[in-house]
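Below is one structure, written out as structure tokens; comments come after it.
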Amino acid sequence: MTSAIVSVSKESRLFDPPAEFSVRAKIGSREVYEGMYRRSIEDPDGFWGEVAAELYWFDPPKTVRQWDPPKARWFEGGTTNLAYNCLDRHVTAGAGEKRALVFEGEPGDIRTFTYAELLRETCRTANALRRLGVSAGDRVVIYMGMVPEAAIAMLACARIGAIHSVIFGGFAADAVRDRVNDAGAKLIITQDGAWRRGKVVPLKEQVDRALTSCPSVEHTIVLRRTHNEIVMQPGRDHEWSVVVDRASDQCDAVPVTSEHPLFILYTSGTTGKPKGVLHTTGGYMVGTYVTTKYVFDLRDDDIYWCTADVGWVTGHSYIVYGPLANRATALMYEGAPNYPEPDRFWDVIARHKVTVFYTAPTAIRAFIRWGDAHPRRHDMSSLRLLGSVGEPINPEAWMWYRDVIGGGRCPIVDTWWQTETGAIMMAPLPGAIATKPGSCTLPFFGVVPKIVRHDGSDAEPNEGGYLVIEQPWPSMLRTVWGDDERFRQTYFSRFPGRYFTGDGARRDNDGYFWVMGRVDDVVNVAGHRLGTAEIESVLVAHPNVAEAAVVGRPDELKGQALVAFVTLKADVNATDELREQLADHVAAEIGKFARPDAIRFADALPKTRSGKIMRRLLGELASGQAPKGDTTTLEDISVLAALRDDDE
């Protein structure tokens, strides 16, 4: 059996940056990009030193980087504060009245915060934390919905040197408990409830359940949002309106060292014990600042909307820290994309005149399934740039995004990065790099990706392999909280001295990178190691298919048999004839060896609230097992129940 990962993608369409976009872009040509990239690799100290100097340091760094694999240290000797760089720096420069955050709640309420107002609210929250005994180095858990106070809480922690750990508001009590205890959190900031599809998600109730076995927690701060009934424990629980709103709006930012811990963010926990990924202040600040600046080509008049949740790294880097460090106006939306109707996102874009829109491929495929009529009824001519994040985007979804949402005029930045990388690692700079549907194209400055075989040797062009990063970059994780050995084993033991991403990928003849998905999602079929993402892409290319997930099940003859779970577009009927058509379609596009052994139609696929398909659960179903393990991240548990009912 071959150990190589077979790549089956055949995409060759190429789209140059629109000339009118390139003329105004911060990086307007391939030549400028290549010159900057070359310098970032050949002279990293000079390059990153200059980027860091664009930000504010109480004490400038004495060195730029130190690299003793797997340990990296960046901007040693420097002291700074990320909240200061996101807020005070702009207010001091005279931009205090510029809009920083524009919030729209699911019920339709709208609030706007200027940079000066956001600074005052951050100071009040920081003073409230101090009053409750929080100081530099203490851990604060933030378990909230998508409300401005979640971002304010993050900034308040950064302001006083406390380490925040945001827990996604879709997690249940057990998941909250495990993360709180692993971090040793001293305080939890939460809210009574959050709005989701017109219903209340009872966050405070989940916190109360978790706190029956969280001995490190001394206090909670509770924001009133949905006004559902909650129980407040005297001495422990404090109303936001009392401890925050009545606090002083003056609080000096605490200078912290560049390597001072900024936040712990736990990976989703779909398998095994969650990993607490640790990011530190200086390198993360520089990485999110510069990637936001160039990848989104931000202009002073942009209205920028990233649809992620602050509970995930995308929300940290590209709702809060990256945009605010760049003095952007960021939109924040509380609810679901299809509430009260499937056109909610397009309505938001039209009303707020959004110019930059950053969302996930899973959401895009859902939009496709709901139909073109919804975006068509809204004027989205304000859009000038589109982005994709979270997983590889299949070419047909990319083309729909370009044509239907972008009107054929907006470049698409398909970004590849991870919780662990902190910031975007590969993406087309929109004024400089021609795009190919489904490819994240070229590396960002300072990033040295390689495709290697299982023995660590370099793969040939178009040969599938393992994606590794050869040099350190500023925003990389520093360790796994409380488990340095797990950090080494997970990321640096497979290919010593190089960061192993866990993804399969290939590099084409033009040097463009194509990420094929997690190597855990590779299936072995009759001697062929196939990345499931590419098979899924072929299925979605069929005109009747909106979304697909492919998994393997044990097979005595082939090792593994392919099982495809397929969601059809609206008004398409599931028939045995269509099932055969889809299987033949895969065989024709890839080869008979990749023909699915079973195709199961589903009204929906089990996904996390961050939009990722939980293939582990589908694999267990396909193998005739009852799904087990952590399902607390599921957006809708009834989807899994419906699939199980189909088995019976």
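No value in this document is a laboratory result; all are computed from the given coordinates. It should be emphasised that the depicted structure is a prediction, and the values quoted were computed from it without experimental measurement. Virtual Cβ from ideal backbone geometry, glycine too; neighbours counted across all protein chains shown.
Think of the chain as a dipole: +1 on every Lys or Arg Cβ, -1 on every Asp or Glu Cβ, centred on the Cα centre; then among Ala52, Val180, Val141, Ala52 lies furthest on the positive end. Near Arg600, the amide H atoms lying under 5 Å from its own belong to Ala564, Phe565, Val566; only residues 5 or more places off or on other chains count, and H is placed 1.01 Å from N.
Karplus-based coupling profile of the range 500-516, in residue order and whole Hz: 8, 6, x, 9, x, 7, 9, 10, 7, 5, 8, x, 7, 9, 10, 7, 9, with θ = phi - 60° in 6.51 cos²θ - 1.76 cosθ + 1.60 and x standing for Gly or Pro.
Restricting attention to the chain, close to 60% of DSSP beta bridges with both partner residues there are antiparallel. Taking amide H atoms as placed 1.01 Å from N in the peptide plane, the amide H of Arg139 lies under 5 Å from those of Ile163, Lys186, each 5 or more residues away in sequence or on another chain. Among the cysteines of the chain, those with no neighbouring cysteine Cβ under 4.7 Å are Cys86, Cys157, Cys214, Cys306, Cys410, Cys440. Other residues within the sphere of radius under 10 Å centred on the Cβ of Val243, judged by their own Cβ, net out at +1 (K and R +1, D and E -1).
What value, in deg cm²/dmol to 500, does the helix sum -39500 (n - 2.57) over DSSP H runs of n ≥ 4 give at 222 nm once divided by the residues of the chain? Mind dumping the intermediate values first?
On the way: 19 runs with 180 residues, N = 648.
Calculated at 222 nm, the ellipticity per residue is -8000 deg cm²/dmol.
Other residues whose C-beta falls under 10 angstrom from the C-beta of Trp74 contribute a net charge of +1, scoring Lys and Arg +1 and Asp and Glu -1. With the charge dipole of the chain set up from +1 on Lys and Arg Cβ and -1 on Asp and Glu Cβ about the Cα centre, the Cα lying farthest toward the positive end among the listed residues Ala360, Leu223, Thr575 is that of Leu223.
Evaluate the charge dipole of the chain about its Cα centre and quote only its size in Debye, nearest 20, assuming +1 on the Cβ of each Lys and Arg and -1 on the Cβ of each Asp and Glu. Walk me through the numbers before you get to the answer.
Working: 74 positive and 86 negative charges, 181 e Å.
In debye, rounded to 20, the chain gives about 880.
How much length is gained if the chain between Ala19 and Ser623 is pulled fully straight, taking 0.36 nm per residue apart and subtracting their Cα-Cα distance, in nm to one decimal? Intermediate results must be reported in sequence, preceding the final value.
On the way: separation 604, 0.36 × 604 = 217.44 nm, distance 5.15 nm.
Value of the extension gain: 212.3 nm.
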